[in-house]
Amino acid sequence: MRRGHADRTLIAAGLAAIALGGLSLLDRTDVIDIGFDYMLPAIFAAVGLVLLAAGLSQ
Amino acid sequence: MPELDAPRRLTRSTSDKWIGGVAGGLGQYMGVDATLWRVGFGVSILFGGVGIPVYLGLLAFLPTDDGERAWAAGRSRITTIVLAGLLVLLALTTFSPPSFLLGPGLFGVAAVSALGIGLYRAFGGERGDDPARMIARATLVLIVLVAALGAATGIGLIAALGGGPAIAGLSIFGGFALIGAGLLGGPRWLIVPVIVLVMPLAVVSAADLDLTGGVGEPRYRPASVSELRPEYRLGLGQMDVDLRRLTLPAGVTEVKVRVGVGEAVVHVPDGACVTTTAHVGVGAVDAPDRVAEGRDLDVEVPAATRPGQPELVIRADIGVGHLQIDHFEPCA
């Protein structure tokens with residue numbers, strides 16, 4: 001159990017969720033038009049960030 | 001038990017083995033229960049059998065964890081090369097649809113598998129669990145996984161039906177909540193509901209899915225230009241727009257077609273000069289002189305119109321699906 005200690009994996013996942021949510025919000029409100037060419041690398045980068053944080057936490 | 005500070009090596013397990021200890025060794029190396037590897041090998045046999053050459057290769061080339069050398073280590077170099085070549089050839093023969101899921105389907109399988117393993121570990125699953133506890137935990141993971149996939153589908157539908165900004169707002173809020181939980185040392189399973197929010201939203205945004213046009217198989221046959229609608233829109237299904245009865249006036253006549261998921265077929269008057277401008281998130285376009293498939297397709301097929309000649313401009317936007325322009329007699 002990690003209670004009482006900052007968990008980098010959760011923090012990284014939070015940042016990734018904010019980034020992907022922000023991109024999607026801009027797309028759905030027609031501020032930008034984001035296709036798979038940009039969204040897929042963004043998703044992979046987000047997953048990579050979380051895995052990296054999880055790996056560094058061990 | 002291996003020393004904690006000893007470098008990890010991929011070996012075949014002698015203590016956790018059903019056949020050759022490959023799954024047990026992979027489980028110990030990756031820190032994932034060996035049963036999941038056994039299930040993975042079993043499933044791979046159903047999808048063309050790629051797991052068989054992989055298993056045989058690992059069986060031949062891995063030493064055991066008690067120091068016994070690999071089978072291939074005692075053979076000549078020629079034997080090793082021939083064996084490796086045969087196994088690669090055998091594996092490649094399984095890489096043909098429909099026996100093996102290539103492309104986006106494979107990504108989906110990988111994502112669901114990763115989510116399943118993550119959940120299993122999040123619920124406290126470790127290698128070496130006793131079978132009863134492992135089955136109970138795997139059942140729990142399966143239930144959560146099915147619920148998560150159902151919720152993700154529902155969230156994707158809401159986003160595609162116009163609720164995208166609200167879901168995006170919730171995702172951002174969820175992200176801040178995760179950061180807060182991370183600073184306070186909260187449980188990692190909190191990531192799952194945020195994934196369920198963010199991933200379908202990202203897919204819907206990337207595909208530009210819009211299901212607000214309803215569901216069905218509508219057919220439109222306008223008899224004159226005055227009967228043309230400003231836009232032909234469908235959320236999910238197949239739409240047929242037959243323009244063959246139209247007499248096009250001089251100048252440009254524009255027809256907009258928008259389908260969220262499905263197919264749009266547009267029949268064009270014979271001899272008309274047609275310009276097609278289409279965007280397809282994922283799918284295919286089948287227009288005269290132009291066939292394209294893939295994702296993020298932007299297709300522009302201009303008409304060879306002379307000044308004063310009538311021109312029909314079709315502007316199509318398909319989220320996921322197929323656009324077909326039937327035009328049998330080209331521009332006169």
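The residues of the protein assembly as shown expose on average 54 square angstrom of accessible surface per residue, using a 1.4 Å probe on protein heavy atoms. Near the amide H of B:Arg233, within less than 5 Å, lie the amide hydrogens of B:Arg258, all on another chain or at least 5 residues away, with H placed in the peptide plane.
So what's the angle, to the nearest 10 degrees on a 0 to 90 scale, between helix A:36-57 and the longest Cα principal axis of chain A? Approximately 10 degrees, to the nearest ten.
Is there a simple number for the mean count of other chain Cβ atoms within 10 Å of the Cβ of residues in B:186-192, and what is it? Please list the in-between numbers first.
Details: counts 4, 5, 7, 0, 4, 9, 1.
Neighbouring Cβ atoms belonging to other protein chains average 4 per residue here.
Principal-axis analysis of the Cα atoms of chain A puts helix A:8-28 at an angle of about 10° to the longest axis.
For B:Ala316, the residues 5 or more places off, or on other chains, whose built amide H falls under 5 Å of its own are B:Val257, B:Thr277, B:Ala278, B:His279. The helix-based estimate of mean residue ellipticity at 222 nm for the protein assembly as shown, built from -39,500 (n - 2.57) per DSSP H run of four or more residues and divided by its residue count, is -15500 deg cm²/dmol to the nearest 500.
The phi-based Karplus calculation (6.51 cos²θ - 1.76 cosθ + 1.60; θ = phi - 60°) puts the 3J(HN,Hα) values of region B:63-68 at x, 8, 6, 9, x, 5 Hz, whole numbers, x for Gly and Pro.
As a ratio to 2.2 N^0.38 Å, the alpha-carbon radius of gyration computed for the protein assembly as shown takes the value 1.28. The loop-placed GluC sites (Glu not before Pro) in region B:218-277, going by DSSP, that have at most 14 neighbouring Cβ atoms within 10 Å of their Cβ come out as B:Glu231. Each of B:Glu300, B:Glu293 has its accessible area taken with a 1.4 Å probe; listed largest first, they run B:Glu293, B:Glu300. Measuring only protein heavy atoms, the 1.4 Å probe finds B:Val215 accessible over about 120 Å². The fraction of accessible area contributed by carbon and sulfur in the protein assembly as shown is 66 percent, rounded to a whole number (1.4 Å probe; ligands and nucleic acids excluded).
Derived scalar couplings between HN and Hα for region B:309-322 equal 7, x, 9, 9, 10, 9, 10, 10, 9, 10, x, 10, x, 9 Hz in order, rounded to whole Hz, by the Karplus curve 6.51 cos²θ - 1.76 cosθ + 1.60 (θ = phi - 60°), x for Gly and Pro. Counting Cβ atoms of other protein chains within 10 Å of each residue's Cβ and taking the mean over peptide B:277-285 gives 1.
Let me confirm one metric for peptide B:193-201, namely the mean number of other chain beta-carbon atoms within 10 Å of its residues' beta-carbons.
So the per-residue partner count for this stretch is 5.
When B and A come together, around 2900 square angstrom of accessible surface is lost from both chains combined, probe 1.4 Å. Between region B:257-332 and region B:158-235, what is the C-alpha centre distance in whole Å? The two parts, judged by their Cα centres, are 26 Å apart.
The values are calculated or read from the model by the stated rules, or taken from the named source; none is laboratory data. Keep in mind that this is a model prediction, so the values were computed, not measured. All Cβ positions, glycine included, derive from the backbone under ideal geometry; neighbour counts span all protein chains shown. What goes into the accessible areas is simple: the full protein's heavy atoms, side chains included, and nothing from ligands, DNA or RNA. Shrake-Rupley method; radii C 1.70, N 1.55, O 1.52, S 1.80 Å.
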